[in-house]
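Data block below; observations after.
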Amino acid sequence: WKWGMVLMALWPVASTYRLRGFQRRMPRFLPARVFCRSSSVVGSREATRQLVRPRVEEFANSFQDSHRTLSPRSLNRKIVSSSSPDFILSLVCDHKSTLTPINVVSSFHKLAKLCAQPPSEDFTESFETDYDEGWAILSRKILEIIPELDAQGISNLVWALVKLRHSDRKDVLLRIQEPAAGMIDSFNGQNIANTLWAFATLGEEPSDIFLNALLQKIKRSASDFKPQSLANILWALAKLGLRTKESISAVEVLIDATSQQIRELKMQEICNCLWAITTLRGSKDSQRLSYFLKDAEDILRENSKKLNPKDLDHALRAFGILRHPVSAESLVAFESRAERLIPGIHRSQSLAHLLYNFARLSYVPSNTFADSLSECLDNMKPPSPGDIGSLYWSTAAAFWGKRGNEVGGSPSESSESPLKIVRALEDLTELSGLGNGGNVVSRVAWGYGKMHIQPRNTVKAMILETICQNSQDFSPAEVSRSLWALGELSADGGFTDARPAVQALLSRTEELYDKFLVENIVDLLKGIVRLSDICEPSTVLLEKLEYAAIHNPSKSSHKVLQNILFRFAQLEWYPSKEFFTCLLSSVEPESLSPRQTVDLLWAIAKLDLGDAETFASEILGDSNEIHDLHQKFLDKLLAHSSQLYAHFLPRDIPDVLSAMARLQHTPSLEALEGFEERIKSDAFKYSASEVSTVLWAVAKLNIDMSPETLNLIQSRASNITWQFSPEMAKIMMWSFARLDADPDHRLAAGLARCIAPR
């Protein structure tokens, strides 16, 4: 009660001082020593200040605000320096008749800054304030003050309203565009960044006039913007998804300006820039972009220990999509940071993204990384079926990708740790299930097919059951992915009981045939070829797939039509005249890779399409134009094949030579010498089928092979005679007779045993 009496006595004194002066002078009127039980410094002046000053300020504020009207400038200072939403709204209530546009904007801006979390639609409920009247006063004045605002006021207002989720935020964004476009020259970098942030956060694209004004301002003044503003503008343009000619040119200028100040950016801002550039699909100036990516890589590597999971995800994703060659040192640093972050990542989707980003960079994580990931999965709560599919997909892509184990092979001994991930995923799959959608089951099956690992029996049963029950809802991509995966797994000796599932997928394929893209058809046909022993496709299905390949073209059609013909040849099915015409007119033999060249050459030989006259008359009809087109195409293909002898895989040489023999094409002398050198160096790798094929081709083409090469072939054949079938042995004997050469005694005895009836 004594202190209450003291404060009441001081009230008249407080009325003669301004607030700041009163807060500064008030402690001077207090006694020098006070007995303070709660203070560690009993009776000291500091104890008095700590105990009394907050109460004095509270009384002084309430006294002054209820008895005095502040000037607009003083009111603005009070608003900006306030730390309480309640106090700001009380000031608004007391000065509702004298509020200026600057006061209104400052109030909204300060309230937004005090708002740590985005509030609900009702701001007053979010802050639990009793000053509903103050919020209503501010809301009524929003539309009135827009014509009086300058660039700073407009940017602060729209930023605050969007941050506070004000009910009028969309209407305000619509109304500020015309006045803002007229004063665009007065906008600085932060004003533009705040304004674009508001549009991007709401997903509202600015009008053409206002957007063009902003982009022109960016192109003129980007070099004067602060680094933070440049990063925020890039983020906003990417969030809006702007890919017009003007926006792309503005992005080029922004990238250039950001690269010059990249050392001044924070880690998060650099990663946001990388995300934005990736979303906007890079830059036309590859050199400028490569400089920026290289600087970003160096900075992130030096500060890799500060990266959080989101920033690391953005950085790795950008480097992968933009095909930036990340150094081995940086990859190791990023992997080390990811390994440390894994225990703290609780979202399975984040783990899947992390793995897939390493796959984009063609980087196979270490076994310690795999061990950390498998341990994290063991301790994780069962994720959703969708996350299960993503984890299978990303695990296969990361550990069995392009630089992982060879396609078609089995995991190497060093893959023990990645196998732990698969087993942990199987445990989670048994708990979570695969759901009813085709996306999840097709991704899981694709993962097993890519890894060439047979799933656990329970998981296998879930895959087949889900396909049988829900195949009618599968999309074209899901059908092709599932058939490809079942084909890969059946080739490894599993899924021999998958006939019902395969039939369901083939039936769905016939329903959706006109929606398949050529890329889907390639995977689809590869799976059908491998599953032909389980379930043979119908002629109607193949005709429909051929129709889709012709009438659903894509940018890569010229690259995959030869692959489709190769699969048709494996199925011993002749496509129509329309398909061949499309193939001959769209595929350039000189642009094919060695693998594509081998497939196309083998398919033409397999289907006996080498004789131009027979081909033109029996398949394409009597057309001189198509006859000439076919002959020119075949000549180009054979010439291209002869030039690639040094680039073919060892297993491709026998196929190329046998195709040339079927097509009755003798390579040039230089090509023959090259092929013979390849046979010498690779003969010890040949299987029985490849040995018989290459010897048959040499004999058929009547190539004068050196005794050294012939001896190498004989030596390899003698070591694997137990692998020869009777048909292969007969081909070998015929080839030796055609070459007028005698096999050695060991090989002759082995071939005789193969041919003799058992």
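The values are calculated or read from the model by the stated rules, or taken from the named source; none is laboratory data. Note that this is a predicted model, so its numbers are computed, not measured. Glycine also receives a Cβ, built like all others from the backbone with ideal geometry; neighbour counts cover every protein chain displayed. Protein only, heavy atoms only, side chains kept; ligands, DNA and RNA dropped before computing areas. Shrake-Rupley method; radii C 1.70, N 1.55, O 1.52, S 1.80 Å.
Miscellaneous remarks
- Look at segment 429-455: where a residue is within 14 Å of Val479 (Cβ to Cβ) and open to solvent by less than 10 Å² (accessible area, probe 1.4 Å) and a partner is outside any helix (DSSP H, G or I) and not small (Gly, Ala, Ser), sitting 6+ places away or on another chain with Cβ atoms under 7 Å, you get Gly438/Phe474; Val441/Leu434.
- When restricted to residues that are more than 26 Å from the chain's Cα centre (by Cα) and of a type in the set (Gly, Ala, Ser), segment 211-266 contains 6.
- Test: residue in segment 246-258 that is touching a residue at least 40 places away in the same chain (Cβ under 8 Å) and either crowded, with 20+ Cβ neighbours inside 10 Å or over 22 Å from Asp311 (Cβ atoms) (or both): no
- Filter pass, Leu242 being part of a loop (DSSP other than H, G, I, E, B) and of a type in the set (A, V, I, L, M, F, W, C): yes
- Ala741 meets the conditions (1) modelled with pLDDT under 90; (2) assigned to a helix (DSSP H, G or I); (3) open to solvent by less than 40 Å² (accessible area, probe 1.4 Å); (4) more than 19 Å from Trp602 (Cβ to Cβ) in every case but one. The failed one is (2).
- Among residues of segment 639-657 that are farther than 15 Å from Pro589 by Cα, those with a Cβ under 9 angstrom from a residue that is among the aromatic types (Phe, Trp, Tyr) and modelled with pLDDT under 85, sequence gap 6+ or separate chain, pair up as Ile653/Tyr645.
- Residues that are assigned to a helix (DSSP H, G or I) and either closer than 10 Å to Ile463 by Cβ or touching a strand residue (DSSP E or B) at 6+ places or on another chain (Cβ under 6 Å) (or both) within segment 425-439 comprise just one, Thr429.
- Arg423, sole failed condition from (1) open to solvent by less than 10 Å² (accessible area, probe 1.4 Å); (2) farther than 30 Å from Leu545 by Cβ: (1)
- The helices (runs of 4 or more DSSP H) falling completely within segment 328-407 that include 2 or more residues that are touching a Gly at 6+ places or on another chain (Cβ under 9 Å) and open to solvent by 30 Å² or more (accessible area, probe 1.4 Å) map to 348-360, 385-399.
- Only residues that are hydrophobic (A, V, I, L, M, F, W, C), open to solvent by 30 Å² or more (accessible area, probe 1.4 Å) and at pLDDT 85 or above were counted across segment 88-134, and they come to 1.
- Entirely in segment 500-588, the helices (runs of 4 or more DSSP H) that have 1 or more residues that are open to solvent by less than 30 Å² (accessible area, probe 1.4 Å), in contact (Cβ under 8 Å) with a residue 24 or more places away in the chain and touching a Gly at 6+ places or on another chain (Cβ under 8 Å): 518-530
- Summed over segment 687-716, the residues that are charged (D, E, K, R) and either open to solvent by less than 30 Å² (accessible area, probe 1.4 Å) or closer than 13 Å to Leu657 by Cβ (or both) give a count of 2.
- Filter pass, Gly182 being among the small types (Gly, Ala, Ser) and free of Cβ contacts under 8 Å to residues at least 24 places away in the same chain: yes
- The residue of segment 609-647 that is surrounded by the fewest Cβ atoms within 10 Å (Cβ to Cβ), among those that are within 15 Å of Ser658 (Cα to Cα) and modelled with pLDDT under 75, is Gly610.
- Of the residues making up segment 700-709, those that are under 51 Å from the mean Cα position of the chain (by Cα) and assigned to a helix (DSSP H, G or I) are Lys700, Thr709.
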